[in-house]
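Structure first, then comments.
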Amino acid sequence: MIETPLTGNIKPGVSLDIKAYEAAGGYQGLRKALQQMTPPEVTTLVKESNLRGRGGAGFSTGMKWSFVPMNVEGPKYLICNADEMEPGTFKDRWLLEGNPHQLLEGMIISAYAIQATTSFVFLRWAYKKAAQEIRRAIAEAHAAGYLGQNILGTGFHLDMHLHTGVGRYMCGEETALLNSLEGKRAVPRAKPPFPQISGLFGKPTIVNNVETLCFIPHIVNKGAAWFQSLSRTGDGGTKIYGVSGRVNKPGAWELPMGVTMRELIEEHAGGMQHGYNFRGALPGGASTDFLTTAHMDVPMDFTSVAAAGSRLGTGTMVVLDDHTCPVGFVHNLEHFFAQESCGFCTPCREGLPWTEKILYALERGEGTEADLEQLDLHTRLLGPGNTFCALAPGAMEPLQSALKYFREDFEQHVHEKKCPYGNYTH
Amino acid sequence: MNKLLTDFLYMLTQTEISKIEHELQQVPVKKAAVIEALKIVQEERRWVSDENVDDIAALLGMSADEVDSVATFYNLIFRRPVGRHVILVCDSISCWVMGYEDLKQGLMDHLQIRYGQTTADGRFTLLPNACLGCCDHAPALMVDNDLYQDITPVMIKDILAKYK
């Protein structure tokens, strides 16, 4: 039996209320942390568990917390990034709708670890049901004494607010998220200073993903060694994986960190639909490099996927099948990135629409060999180090790997002067 | 709220003003409430007019241009009138793979409008939207606050019939 600490208690169509959550052992982690552990002990425990951020970057959560200065006067903030907007990603929705108290408990413990007194859930507008459940859960937690003044009689105080966004992918970038919470345009900030030192309203701030925060109560309850033991590989824990595209049973599953792409597609997603063959997949959302049939047995953890030339990202995979045009597929992605670029730095603002236009020209049969060279050039010019934030480099990951693995498709568009797949209606 | 400022405001209702003032109490600086203020106004009126922008600016001690720079950045603050119902069609990758192009065409044919337009009877505005986060049930769309998943073009008529 595979352990599923995050989702084991979630029943389809039901959102756990506080009674059901407590009956399943909920808020025991909070009691333990507040009553038996010092804030630095919580941070050390999370560091030892090797929990890596589930929002896409995979940075050590405990390490991130340890950069917060503990001896400064004034407010600190803990923010849950629930702006799930990476195309192909639908994992946090499950946790938010199904078990909101698990997230709240994780947030309260995390706030205690960094001694924050105010916390926010930054939720994307589209998650209407999640907003409803989180509002209810915050009210229930207040009534039960888990939020507000003197939590569990320990003197710790925490307020929690739900902020629902008004669109834009950029809000998921942590410094842009902070600007948005301050009522500004969601453009990224220069780093350093990092948010841990100077974040929301210039105060020390931690921003963590939903899935990351949901693990915290379980790590406090059961320990770092237990968390490590959930995983098949060096990166601790379980992971919520997802598969979408032309598979028989698209969905999301909580599985040991390090399952292979083959297991995900063949066992959990029920294999490819009849008549469709697997050509490749983005392992963790729109901004990750393609993996192909050669990578079917790569363990889907942060380290192994990076070694295979991609990123685990959000762990929710989008499958490219043999009836779908890889050029059209990448055009769709670059359309998204060009539209969502905040326009703050030039390479991204100018470069992404250009790549989108070239790809669209290829799809219409108007592409040339020189266009392919332009695309190659863009993958370098918009790559890491040339832009203000990770949006454009992320946008180049699927493009550069498509040019590498599906080059013959790009060339076919040029030579035949049309899209051989006929995917577009416009 | 002092009398002078109330007289100066063009058209925000007392309800909108009280809601915005409530938000102002939650934030350390007035500007931080601008997104909430825009949401409050849009909830009442479906969109945010130039006059509304001026009023929000006056309430928050910002310039109208500063408020507008925020309003126009976010795709779900509408600065032009929209219909009674807004249809947001997910145009991101999983939906595209699973039949978005046909769905889009079906909607445009049914409503006789293109993206960004509103039907002549003012009933629907049609807009594309980035990933709605239900990729395992693609293609998907939202009508106002309601999510519809696993949509095929033949389902369009019945879905839209619910919205008057």
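Note on chain B: with charges restricted to the Cβ of Lys and Arg (+1) and Asp and Glu (-1), its dipole about the Cα centre is near 260 debye. Each of A:L104, A:A144, A:A20 was placed along the dipole of the protein assembly as shown (beta-carbon charges, centred on the mean Cα), and the one lying farthest toward the positive end is A:A144. Across peptide A:176-185, the mean count of Cβ atoms from other chains lying within 10 Å of each residue's own Cβ comes to 5.
Listed values for the range A:224-239 are Karplus-derived 3J(HN,Hα) couplings in whole Hz (6.51 cos²θ - 1.76 cosθ + 1.60, θ = phi - 60°), namely 5, 5, 4, 4, 4, 5, 5, 8, 8, 10, x, 7, x, x, 8, 8, and x replaces Gly and Pro. The range A:74-94 and the range A:115-152 have Cα centres separated by 14 Å.
Label zone (A:T38, point 7 Å along Cα-to-C-beta; backbone nitrogen cut-off 20 Å) within the range A:44-75: A:44-49, A:62-74.
Taking the Cα centre of each part, how many Å lie between the range A:340-412 and the range B:135-150? The range A:340-412 and the range B:135-150 have Cα centres separated by 29 Å. For B:N129, the amide hydrogen comes within under 5 Å of the amide hydrogens of B:V89, B:C90, B:D91, counting only partners 5 or more places away or on other chains and with H modelled in the peptide plane. Compute a Gaussian network model of chain B, connecting alpha carbons closer than 10 Å, and tell me which residue from B:A138, B:A32, B:A71 fluctuates the most. For chain B, modelled as a Gaussian network with Cα springs under 10 Å, the answer is B:A32.
Calculated translational diffusion coefficient of the protein assembly as shown (4 °C, 1.567 mPa s; Stokes-Einstein with Kirkwood radius over alpha-carbon pairs) equals 52 µm²/s.
Relative protection proxy for B:81-87, A:181-187, from highest mean packing down: A:181-187, B:81-87 (other beta-carbon atoms within 10 angstrom). Karplus-based coupling profile of the range A:399-406, in residue order and whole Hz: 5, 5, 6, 5, 5, 7, 8, 10, with θ = phi - 60° in 6.51 cos²θ - 1.76 cosθ + 1.60 and x standing for Gly or Pro.
Between amide H atoms placed 1.01 Å from N, distances below 5 Å from B:F124 occur with B:R84, B:H85, B:T119, all of them 5 or more places distant or on a separate chain.
Each label point was placed 7 Å from the Cα along the Cα-to-Cβ direction; for A:E369 and B:Q112 their separation is 5.1 nm.
Each Lys and Arg adds +1 at its Cβ and each Asp and Glu adds -1 at its Cβ; summed about the Cα centre, the range A:120-235 shows a dipole of about 320 debye. Take each residue in B:133-144, count the other chain C-beta atoms within 10 Å of its C-beta, and the mean is 6. Around the amide H of A:K239, modelled in the peptide plane, lie the amide H atoms of A:L255, A:M257, all under 5 Å away and 5 or more residues distant in sequence or on another chain. Using Cα centres only, tell me the gap between the range B:93-110 and the range A:192-253 in whole Å. Distance between centres, Cα-based: 33 Å.
For peptide A:74-85, the mean count of partner chain Cβ atoms within 10 Å of a residue's Cβ comes to 1. Extension gain for the segment A:A225 to A:H142, taken as residue separation times 0.36 nm less the Cα-Cα distance, is 26.7 nm to one decimal.
Protection proxy ranking for B:49-59, A:22-32, A:214-224, using the average of other Cβ atoms within 10 Å per residue and placing the highest first: A:214-224, B:49-59, A:22-32.
GNM on chain A, alpha-carbon springs under 10 angstrom: the most fluctuating residue among A:L377, A:L312, A:L403 is A:L377. Exposure proxy ranking for A:M317, A:M37, B:M11, based on other Cβ atoms within 10 angstrom of each Cβ and starting from the fewest, stands as B:M11, A:M37, A:M317.
Put in line by how crowded their Cβ is, counting other Cβ atoms within 10 Å and starting with the fewest, A:W253, B:W47, A:W94 read B:W47, A:W253, A:W94.
Taking Cα centre as origin and charging only the Cβ of basic (Lys, Arg, +1) and acidic (Asp, Glu, -1) residues, the dipole magnitude of the protein assembly as shown rounds to 1020 debye. The mean sequence distance of close C-alpha pairs (under 8 Å, at least 6 residues apart), as a share of the length of chain B, puts its relative contact order at 18 percent. Here's the picture: a label point sits 7 Å out from the Cα of A:K417 along the beta-carbon direction, and within the range A:321-364 the residues with their amide nitrogen under 20 Å of it are A:358-364. Model label points for A:F194 and B:H22, set 7 angstrom from Cα along the Cα-to-Cβ axis, are 3.9 nm apart. Here the Karplus curve 6.51 cos²θ - 1.76 cosθ + 1.60, taken at θ = phi - 60°, turns the phi angles of the range B:148-164 into couplings of 10, 10, 6, 8, 10, x, 5, 7, 4, 4, 5, 4, 6, 4, 6, 10, 9 Hz, with x standing for Gly and Pro. With respect to chain A, whose longest principal axis is taken over its alpha-carbon atoms, helix A:407-416 is tilted by about 40°.
Values quoted throughout were computed directly from the atomic coordinates according to the rules given, and no laboratory measurement underlies them. Small disclaimer: the values here were computed from a predicted structure and weren't measured. As a convention, Cβ positions derive from the backbone with ideal geometry for all residues, glycine included, and neighbour counts pool all protein chains shown.
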